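Q: The structure is given below, and queries will be raised subsequently.
The values are calculated or read from the model by the stated rules, or taken from the named source; none is laboratory data. Everything numeric here is computed off the predicted structure, so don't read it as measured data. No Cβ is skipped: glycine too gets one built from the backbone with ideal geometry, and neighbour counts run over all protein chains shown. When the accessible area is computed, the model is the full protein with side chains, heavy atoms only, and any ligands, DNA or RNA have been set aside. Shrake-Rupley method; radii C 1.70, N 1.55, O 1.52, S 1.80 Å.
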Amino acid sequence: EKGGYDHFMLKEIHEQPKAIRDTLASRTKNGLVDLSKEISLSKEEIQNIEKIHFVACGTAYHAGMVGKYVFEELARIPVECDVASEYRYRNPIITERTLVIVVSQSGETADTLAALREAKKQGARVVAITNVVGSSVAREADDVIITWAGPEIAVASTKAYTSQLIAIYLLGVYFAQVRGHKSAAELQEIVTHLQELPGKAEQVLKLEKSIESFARSIAKHQNLFFLGRGLDFAVALEGSLKLKEISYIHSEAYAAGELKHGTLALIEENIPVISLATQKSVYDKMVSNIQEVKARGAHILGLAVEGDTELRKSVDEVIRIPATIDLLTPVLAVIPLQLIAYYACVERGYDVDKPRNLAKSVTVE
Ligand code: F6R
């Protein structure tokens with residue numbers, strides 16, 4: 001059942017090229033996105049959306065954080081992203097022109113479902129992104145985009161997350177087509193890059209051996225940092241959650257520009273720091289943050305994009321993922337972080353697929 005892999009998590013990490021391909025399949029037409037079978041919102045309704053709320057928990061919430069960048073960039077709609085357990089109790093400002101997008105692998109998370117119900121009660125339209133056909137969230141939302149990741153058995157979510165990202169990109173491009181903030185040519189280019197992601201994800205998986213050796217080398221540490229800016233920060237949060245969740249190494253993810261506002265004090269000799277530097281628009285800023293950390297003796301793994309020969313000069317080790325456009329990089333950048341969490345857990349001898357104190361589906365508040 002584990003298909004020759006030692007654990008479900010490793011199997012599911014390796015299933016990501018297929019999960020991405022399946023989630024994209026039959027949702028593009030003439031080089032653009034076609035979600036007309038799944039999204040019942042009319043052109044006019046999409047044009048009239050005033051704001052979007054992403055609501056989810058855990059890893060799905062981290063996908064929503066990527067969604068904030070995607071919808072603001074492509075469709076120029078203001079986006080908030082909230083964890084469901086906060087959203088439902090904070091009296092959020094919802095109108096009939098608010099679109100609430102709930103993201104849930106299982107479709108059964110109690111807080112996410114309650115947030116969905118609250119949003120509907122207040123008149124919002126709700127789109128659900130979920131991996132389970134017929135789940136509570138799928139049944140109660142107005143529209144559903146299924147992620148075709150297939151069953152996810154390991155408690156730590158991997159292929160569901162990357163598939164959620166794909167669903168978000170598809171919906172973002174679809175809205176952009178309708179709202180006309182980008183030209184068809186620009187959007188077609190994004191779609192072309194989306195279609196190249198399964199192959200590029202396979203390339204990332206070929207880096208497994210070097211990622212494994214880094215992961216095993218950090219397994220003895222008690223503390224670790226993830227740094228990134230922009231979309232790299234959203235991915236850093238997910239990498240940090242994955243590591244904590246299964247390897248029980250304490251880690252924190254920081255927006256790299258925030259370091260000087262306190263956290264730099266915690267950077268001491270030899271502490272491992274995983275620094276993501278995949279975003280061109282903030283690359284130079286990121287490199288100077290990395291240098292600040294290096295000056296305090298951190299041991300830095302840099303995550304760069306193929307063709308980057310600069311970063312190597314400021315870090316101790318570097319992993320290079322295939323190049324794509326900045327917007328889509330999270331799909332590829334998260335894979336090394338999933339593998340780091342996995343191999344750190346294996347090295348420490350913990351139960352990969354069933355971490356302590358956690359359940360796959362959280363159906364209590
Ligand atoms: C982390 C993880 C959890 C879930 C969260 C939401 O690896 O799996 O953080 O992402 O419990 O679950 P769903 O997506 O089923 O609503």
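Q: Mean residue ellipticity at 222 nm from the helices of the chain, using -39,500 (n - 2.57) per DSSP H segment of n ≥ 4 over the full residue count, to the nearest 500 deg cm²/dmol? Walk me through the numbers before you get to the answer.
A: Details: 13 runs with 165 residues, N = 365.
Helix contribution divided over all residues of the chain: -14000 deg cm²/dmol.
Q: Rolling a 1.4 angstrom probe over the protein heavy atoms, how many square angstrom per residue are accessible across the range 1-112? Mind dumping the intermediate values first?
A: Details: 4940 Å² over 112 residues.
Per-residue accessible area for the range 1-112 comes out at 44 Å².
Q: If you average the C-alpha positions of the range 176-196 and of the range 93-107 separately, how far apart do those two centres end up, in angstrom?
A: Measuring centre to centre over Cα atoms gives 24 Å.
Q: Throw me the Rg/Rh for the chain, computed over C-alpha atoms with Kirkwood Rh, two decimals. Mind dumping the intermediate values first?
A: Details: Rg = 19.7 Å, Rh = 20.6 Å.
We get a ratio of 0.95 for the chain.
Q: Continuing with this model, one more query. Suppose R0 equals 22 Å. What FRET efficiency, 1/(1 + (r/R0)^6) with r the Cβ-Cβ distance, do residue 281 and residue 205 give to the nearest 0.05?
A: That pair, residue 281 with residue 205, gives E of 0.20.
Q: Ignoring everything but the protein chains, give the 1.4 Å probe accessible area of residue 269 in square angstrom, nearest 10.
A: 140 Å²
Q: Once the Cα atoms of helix 159-179 and of the chain are each reduced to a long axis, what angle between those two axes, in degrees from 0 to 90 to the nearest 10, is obtained?
A: Once rounded, the angle reads 50 degrees.
Q: Please compute the per residue accessible area over the range 131-279 with all protein chains in place, 1.4 Å probe, rounded to a whole number of Å². If you can, show how the numbers build up before the last one.
A: Details: 5200 Å² over 149 residues.
Accessible area per residue, the range 131-279: 35 Å².
Q: Skip the ligands, DNA and RNA, and give the accessible area per residue of the range 305-365 with a 1.4 Å probe, whole Å². Intermediate values should be presented prior to the final figure.
A: Working: 2710 Å² over 61 residues.
Accessible surface, normalised per residue, equals 44 Å².
Q: Let me ask something else about it. Along each of the three principal axes of the Cα atoms of the range 83-151, give the extent in whole Å, ordering the values from largest to smallest.
A: Principal extents (Cα only, largest first): 35, 22, 14 Å.
Q: When only the heavy atoms of the protein chains count and the probe is 1.4 Å, how do 214, 8 rank by accessible area, highest first? Walk me through the intermediate numbers first.
A: On the way: 214 5, 8 30 Å².
In descending accessible area the options line up as 8, 214.
Q: Calculate how many DSSP beta bridges within the chain are antiparallel, expressed in % of all such bridges and rounded to the nearest 5. Walk me through the numbers on the way to the answer.
A: On the way: 2 of 42 bridges.
The antiparallel fraction comes to roughly 5 percent.
Q: Then there is this: Enumerate the amide H contacts of residue 148 below 5 Å, restricted to partners 5 or more residues apart or on another chain; note that Pro and chain-start residues carry no placed amide H.
A: The answer is 23.
Q: Using θ = phi - 60° and the Karplus form 6.51 cos²θ - 1.76 cosθ + 1.60, what ³J(HN,Hα) does each residue of the range 251-258 get, whole Hz, x for Gly and Pro?
A: For the range 251-258, the Karplus curve yields 9, 10, 9, 10, 5, 4, x, 8 Hz.
Q: Calculate the spin-label point distance for residue 73 paired with residue 295, positioning each point 7 Å from the Cα along the beta-carbon direction, and give it in nanometres.
A: Label at residue 295, label at residue 73, 3.0 nm between them.
Q: Rounded, prolate or oblate for the range 164-304? Axes are the square roots of the Cα gyration tensor eigenvalues, ordered a ≥ b ≥ c, and the cut-off for rounded is a/c under 1.5. Display every interim value, and only then the final one.
A: Working: a/c = 2.37, a/b = 1.71, b/c = 1.38.
The shape class here is prolate.
Q: Hey, another quick one. Could you check how much of the accessible area of the chain is carbon and sulfur, as a whole percent, using a 1.4 Å probe?
A: On the way: 7230 of 14610 Å².
The computed percentage sits at 49.
Q: At a Förster radius of 30 Å, what calculated FRET efficiency corresponds to the Cβ-Cβ distance of residue 45 and residue 362, to the nearest 0.05? Intermediate values should be presented prior to the final figure.
A: Working: r = 32 Å, r/R0 = 1.07.
Computed FRET efficiency for residue 45 and residue 362: 0.40.
Q: Skipping prolines and chain starts, which residues have an amide H placed within reach, meaning under 5 Å, of the one on residue 275, given they are 5 or more residues away or on another chain?
A: Close amide H contacts, sequence-distant or interchain: 227, 301, 302, 303.
Q: Using only the Cα atoms of the range 243-322, construct the convex hull and provide its projected area averaged over every direction, in square nanometres to one decimal.
A: Values: hull surface 22.4 nm².
One quarter of the hull surface, i.e. the mean projection, equals 5.6 nm².
Q: From Cα pairs below 8 angstrom and at least 6 apart in sequence, can you work out the relative contact order of the chain, rounded to a whole percent?
A: With pairs under 8 Å counted, the relative contact order is 19 percent.
Q: While we're looking at this one, here's another question. Each label point is 7 Å from the Cα along the Cα-to-Cβ direction; what then is the distance between the points at residue 213 and residue 268, in nm?
A: 2.9 nm
Q: Computed on alpha carbon atoms, what radius of gyration and Dmax characterise the range 25-145, expressed in Å?
A: Cα-based Rg and Dmax for the range 25-145 come out at 13.5, 43 Å.
Q: So for each of 36-43, 169-176, 154-161 I average, over its residues, the number of other beta carbons within 10 Å; can you give me the resulting order with the highest mean first? Write down the numbers at each step before the final one.
A: Numbers: 36-43: 13.8, 169-176: 25.4, 154-161: 27.0.
Taking the mean over residues of other Cβ atoms within 10 Å, the ranking is 154-161, 169-176, 36-43.
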